[in-house]
Structures are given as C-alpha cells and as structure tokens.
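Shown next, in structure tokens, is the structure this report addresses.
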Amino acid sequence: MTFSIHPRSIAFRLIMAVLAVELVSSILVVVISFGYERHIHFRSFDVMLRGRADSVLGAVQDADDSGDNVILDKADLHIPAEDVFEVWDGSGHLLGRSSNWQGLGNWPGPDIAQNTGPSPQAQMGGSLAQQPEDFSISVVNGHHYRMLRVQGARTVDPLEPGGGKVHQVVVVYGSPVSHVWRAIRGAVEFYAAGSVLLLLVTGPLIAWLLHRGLLPLRQLASLASQVSVDAWHFSPPASAYSTPELAPLTRALESALHRLERSFLQQRAFVSDAAHELKTAVAVAKSSIQLLTIKRRTPEEYEAGLERCLVDSHRLENLVVEMLTLARAESAAPEASGEPTADLVACMRVAVMKLETISALRDVHVSLIDLAAEASPSQIKVRAAEDDCKMLVSNLLLNALQHSPSASTVDLKLTCEAGEGASSAVSSAVFVVRDRGSGIAPEALPHVFDRFYRGDPSRTRNTGGTGLGLAISKAIVQKAGGSITITSQADPKLPHQGTTVTVRLPMIE
C-alpha cells in the first residue's frame, strides 16, 4: 500500500520527530559503545601485558657464576615479534632487550615513575613518556605502543645460609595498540551499521504505523467535510468513538453539527414563516385598499376603510418589530456598555402598570405574590438588559391576560432561590406567571416556543398575537443564562387549571 504524506501534516511531523529521536539515540549508543569497548579492550590488553611482562620476568635466571649474578635467558621466551621489552637489574645493568627495539637508554628504576617527560638519554629507537602509573604510551619505530614497567625480585641460591641473594629486576614491556584500536573501531562500526540499518527498517515501518494509526482521524475529517447546508448527515465511524483522543472531538463535532443543523432549519422555517406572515399582512392591507377602489364610496366608508388599513398597517408594523426584537434577542453580540443588569422587581411593576388597562378591560385581576419576601427589591438584580427584562415580563403577562376568563386572577410570583452545591453557587430569581385559562393541549405544549406557532385555537390572531411572543421570551431568557418552562392543564374535567410559566434568571450578588 502506497501513501503520500504532506510535509506540514501531523503524520509527517510525528515521523520526523520519532526518526530524530531514533537518530539521537543511535548517536548516543555509538558514543557509549565506543567508551565501553575502549574500556573493555584496553583492560584485557593490560591484563595481557602483565602476563607477558611476568613471563619475561620469569626468564631472568641464575648466571651460575661466582658472583651469583642473574641473566636473561631468551631461549624459552616466546613473545609476539612486534612486542618490545628490556630487563634491568637493581644495580642499573641491562640484562637484555628485544632485538627490534633500542630501549629506553637508562635504568627505569623506582624513581623513574616520577619523571613526566622522556628521558634525556633516550635513544633514537623510542621515547617513553612516563606517567605516575605503571602504564604509559610510547612511540616505537613510528607506532604507538602501550608500555608497562614491572618491578620484581629474583632470588639466587635460596637454599644457602641467609636465604640466598636477592636481585631487584625491572622489566619494561610494550605492545602495539593498533590492533586494539582496530577491534574497537570494528565494534563501533558494527553498532553504527546496526543503528543505520535500524533507522532504514523502522523509518518506513513508523511511517506506515502512524499512517494507519491516524486512519480514524482521516475518516472523521472525510465524513465531516461531506457535511453541507443541504446534507447534514454525519455518522462518525466506530473507531472515532473507541479512540480516546478522538472521542471528545467526535462528540463535539456531532453536537456542533446538530446545533448548526437545528439553527439552519429554524432559520429556514423562520424566513418561510416570516414571509408567509408578511405576505398575509400585506395581502390584507392591499385587499382593504382594493376594496375602496372598486367603486365610489361615501366619506364614511372611505374613513372606515382607511381605519382598517391603519389597523392592518399597525399589525404589520408590530410583526416587523417583533421579528427584529427576536433577532436581537437571539444575537450573541456582547453589550457595548458591559454586562447588562436589570431590577426584576421594577420591571415587573412597570409591566403591571403598562397592562393595567388591558387587565381592567378583560376584568382580570393581577396578583403580586412574595415580590420581596426573601430579598429587598434593590437586591434582585438579574443579568439581562432592562428593556429585555421589561419585554419578557410584559409578553408573559399579556399572554396570560389574553387567555384568562373574566373575573379570574393572574398570579405574578417572584422569589429568590439559593444555588445548589457549593456555597458560592449563583442564586437565581424565580419568576412565575400563572393564569386560570383553558390551558394548552399536551400535543401543542412542546411547540409553544416555536416561532409563529399557533397550535391552540384559543391563541389565534383574534387575540392580536403574532406567534412570536414566547419565542422572544425564550431567546431573552437564554441570552441571560436562565431557563423557562411551561406547565399546563387542558383536561375538560379540570376547568380553569390554567397555564404556569416559570422563569429562572441568574442573580447578580
């Protein structure tokens, strides 16, 4: 399976990041392996040097002369041809050296370890840079040697009285380090080649795994890209839900698309209903004017016709105003003057005074209950614009007055409700409007907040409504961060149970 990866894609960045980490890790492995191999090889090399130096020390024998001197017997000495050595006795006499080396040129006694530079008497065959340790580095015939100075003792005639004669012997032994470095280099090259091979193998594998691992994301993006204004179907794959990183994104996309679809459908329905309502209102006004032009009329008939046109124009104007009000209430744009505030008690009193004439004409009494029982009016501040708050109360109260029978009562109740949970939770102002009308049918209750909805025959244009009052109220409440609910009884066996509207608005402490 072949695939291409864009240089700016997440997959490409992840692959580059992983390969960069692998490359750095490989370099570290090579560096660490170099240090480790150098330590191991030179430690083994030093052990080998000690063994060979000890074998040279063992080749120092009794000279069988009257002075009980010692000599270096090379007959049984088997060492590599490239190695060099020399042996000195305690008095500074050279007992022997290898044929391929001119030696140090001076006696490397116990005090020579304190010399940090080459001996001034060093011969042309080599120069030895002594260090405080027994091991040192020397250049012999143009090659680097690792040198070891071993100081020992040989006893001549140990069975004689006095334990024989003890001779101090100093052995200087060296071996080239080129083969050690070749072994180290070979090991490091093996690690480096393995790392490069690992990169070559894992690179495509990582790219394939990441490409396959991001398959749910690509599927989700492909399905989301197919959503349009005309096609809202969005069915995420099961892998999007089963992937922990994609599950929140998938749910958020579903929720966002569902809200967008609902908004678009509502917008379409609103435009369609608004066009229908406006067309109806314009048609009524036009028919009133046409009626006046069919034949000549008396002044009284013209006056009555103009009054009908004026009423139709007022109805059309009210419809346009409510549509603009609904659009403004549903707008999420912040207020220019900052967070809006309104005194709910004052708004309720203004609404009652404003609709006092209508309540008197319909013979409906408005009762204010618990208006300031739990808090003073100055404390009941809600997060809503004052005009919106007045419109909210007026719409709900007018709706209740229009659908209340004569000689009935509409209750307006305002209480404060403490927030649940922590003590710092925001309190709410609970505003309740209850009438004693005929109620709302159960099948119509879920649609009462829909725009232009008039499912209840008692709530038709005869009441002067446009079907936008409750939609505007809901938009105002939601914009203020509150909630609005409606409960109603429409059972013929239980007349005048009426409708109850409950509004909860967050208070400003």
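No lab work stands behind these numbers, since they all come straight from the coordinates. Please read all numbers here as calculations on a predicted model, not as lab measurements. When we count neighbours, we look across all protein chains shown, and the Cβ atoms used for this are built from the backbone with ideal geometry, even at glycine.
Observations, loosely collected:
- Amide H contacts of Thr155 (H built 1.01 Å from N, in plane; Pro and chain starts excluded): His167 sit under 5 Å, all sequence-distant by 5 or more or on other chains.
- Ranked for footprinting exposure by Cβ neighbours inside 10 Å, fewest first, Phe270, Phe431 give Phe270, Phe431.
- Amide H to amide H distances under 5 Å link Ser408 with His365, where only residues 5 or more positions off or on other chains count and H is placed in the peptide plane.
- Between Gln61 and Ser313, the modelled label-to-label distance comes to 14.4 nm, taking each label 7 Å out from Cα in the direction of the beta carbon.
- Long-range HN-HN contacts of Ile137 with modeled amide H, under 5 Å: Ala129, Met147
- In order along the range 397-407, the phi-based Karplus estimate (6.51 cos²θ - 1.76 cosθ + 1.60, θ = phi - 60°) of 3J(HN,Hα) comes to 5, 4, 4, 5, 5, 5, 10, 10, x, 4, 6 Hz; Gly and Pro are listed as x.
- The range 230-331 shape via C-alpha gyration tensor axes, a/c threshold 1.5: prolate
- Counting neighbouring beta carbons within 10 Å and listing from fewest to most, the residues Ser228, Ser239 come out as Ser228, Ser239.
- Cross-link pairs Lys381/Lys479; Lys381/Lys474; Lys286/Lys390; Lys354/Lys381; Lys286/Lys474; Lys354/Lys479 - those with Cα-Cα distance over 27 Å: Lys286/Lys390; Lys286/Lys474
- Cβ-to-Cβ counts within 10 Å put Ile476, Ile184, Ile294, Ile79 in ascending order as Ile294, Ile79, Ile184, Ile476, the fewest first.
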